[in-house]
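The values are calculated or read from the model by the stated rules, or taken from the named source; none is laboratory data. Quick caveat: nothing in here was measured; it's all calculated off a predicted structure. Counting neighbours? That spans all protein chains shown, and the Cβs are built from the backbone with ideal geometry, glycine included.
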Amino acid sequence: MTDKLRGLNGGTKSIEGELTKALSASLRGSLLREGDKGYDEARTLWNGMIDRKPGLVIRAIGTGDIQAAVNFARDNDLLMAVRAGGHQIAGLAVAEGALQLDLSLMRSVHVDAARKTVQVDPGALLGDLDRETQLYGLAVPTGVNSTTGIAGLTLGGGFGWITRKYGMTIDNLLSVDVVTADGKLVRASATENSDLFWAIRGGGGNFGVISSFVFRAHAVGPQVMSGLVIHPIEAAPALLRDFRRICDQAEDELTVWAVLRKAPPLPFLPSEWHGREVLIFAACYAGDMADGERAMKELRSLGDPIVDVIAPHPFTGWQAAFDPLLTPGARNYWKSHDFIELSDPAIDIVLKAIGKLPDAASEVFIAHVGGAMARVPGNATAFPQRDAHFVMNVHTRWEDKAKDKECMGWARDLFAATAPFSAGSVYVNFVPDDEPGRLAEAYGTNMDRLVKIKAELCLILGDGT
């Protein structure tokens, strides 16, 4: 049986059956074609807009399988895409007709409580990591959706509820084991293969295939002061300016994000508010409960909220609090800006757009980052934007394919209108597949070093997280 796969230069390569038979025999995992059990599971991504069919799929269950995939791709000049959690918005984890390396079955998490370190397999999700570390009262700074993959999140940078206190995900990365394009398994850390380690921390997934991460963990939980304060959208013009001031003055332990959307049918929200535009403040305090009560007092005193459900919550629960709004399979399109300051004109533009939301599942969130993250030099890792700033993500989400033009157009219009007030940088994990030119914005002055490292390593296996 001959398989037709996509080559590195865009053409089609014919792979004879003896080669794939030998490849299959070398794997602990499985080699799949379209129609085989597990093929669709291995190629399906969180973003329902992405529907690509790889030519062959390797479902890895160990580092040896990763090496076999890399060697097979290199020896046969094949394009290879790498899928871990499959959550990345642009869908780079799957390429049409390519060799697919699926790491989603590799989900082990091993905690060394005495050393406060965690070894994590590349297919693990944030929820896997949180559940294991919280058994010991520990946590690694990650993102805000428990179904996100740790690999893609880390390779792009990683920020969430405890970033201001403990830094980005990459700031807590101690080492990785990585299979490079020549098939070698190497360790990268501050003292071993340090250029590769620098590039991996924020530079994306095309410097090799990570087979294991080791992170530093911190004492967090088992409960954190956290929750939502929900206001009518009519109060948002004044409240977003108060939000800006509170964020600018906040201690590192306090993180507050603003979410603007139609209210979902939350059980604690009066039914008459379901489906109406609201402003949601989502807050978390990474510290003592009494200190958290004090730190959130001003936020909770603002205006006349519809509901205030800030209270002690299990850290694992808070990390998964937004999962119901981010379930897999829906169509998603994002546009994002960084703002060093959340200016009055930018606020006004966002609020005008919220009055024209194209779908009840669409939203704009504005995340405030800084603190410990901002005390790391911008050239210390590939991720460069270390100033305290606001990250706006225009998160358009819908189910009906017929609404693609409307929903994507709304996001693009809001993105364009707010561009004059942006910092000119962007978080690479928020860049959709129609913005390849924004890589220079994502990496700024670090771009030249990234290009040099990649050229030196001759890594041409393609992107994918």
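Of the strands (runs of 3 or more DSSP E) that lie entirely inside segment 208-276, those containing 2 or more residues that are crowded, with 21+ Cβ neighbours inside 10 Å, among the small types (Gly, Ala, Ser) and at pLDDT 95 or above span 223-232. Criterion applied to Ile246, Ile230, Ile280 was being of a type in the set (Val, Ile, Thr) and farther than 20 Å from Val369 by Cβ, and the one residue passing it is Ile230.
Checking each residue of segment 361-383 against the condition of being farther than 30 Å from Glu251 by Cα and at pLDDT 95 or above gives at least one match.
Among the residues in segment 171-188, are any crowded, with 19+ Cβ neighbours inside 10 Å, out of contact with any Ser or Thr (no Cβ under 8 Å at 6 or more places or on another chain), in contact (Cβ under 8 Å) with a residue 24 or more places away in the chain and under 24 Å from Met373 (Cα atoms)? Within segment 171-188, one or more residues are crowded, with 19+ Cβ neighbours inside 10 Å, out of contact with any Ser or Thr (no Cβ under 8 Å at 6 or more places or on another chain), in contact (Cβ under 8 Å) with a residue 24 or more places away in the chain and under 24 Å from Met373 (Cα atoms).
For Ile61, the conditions (1) over 23 Å from Arg331 (Cβ atoms); (2) crowded, with 23+ Cβ neighbours inside 10 Å; (3) in contact (Cβ under 8 Å) with a residue 40 or more places away in the chain; (4) of a type outside the set (Lys, Arg) all hold with the exception of (2). Within segment 268-278, is there a residue that is in the same structural domain as Asn393 (by TED's automatic domain parsing) and at positive phi? Yes: segment 268-278 contains one or more residues that are in the same structural domain as Asn393 (by TED's automatic domain parsing) and at positive phi. Scanning segment 98-134 for residues that are in contact (Cβ under 8 Å) with a residue 40 or more places away in the chain and within 16 Å of Ala69 (Cβ to Cβ) gives Ala98, Leu99, Gln100, Leu101, Asp102, Leu103, Ser104, Leu105, Met106, Asp121, Pro122.
Out of Asn379, Asn393, one residue alone is outside the structural domain of Ala93 (by TED's automatic domain parsing), at negative phi and out of contact with any strand residue (DSSP E or B) (no Cβ under 6 Å at 6 or more places or on another chain). It is Asn379. Considering the conditions (1) surrounded by 14 or more Cβ atoms within 10 Å (Cβ to Cβ); (2) under 26 Å from the mean Cα position of the chain (by Cα); (3) at positive phi, Leu325 is excluded by exactly one of them, (3). Total residues in segment 324-340 satisfying the condition of being over 18 Å from Ile230 (Cβ atoms) and not in a loop (DSSP other than H, G, I, E, B): the figure is 9.
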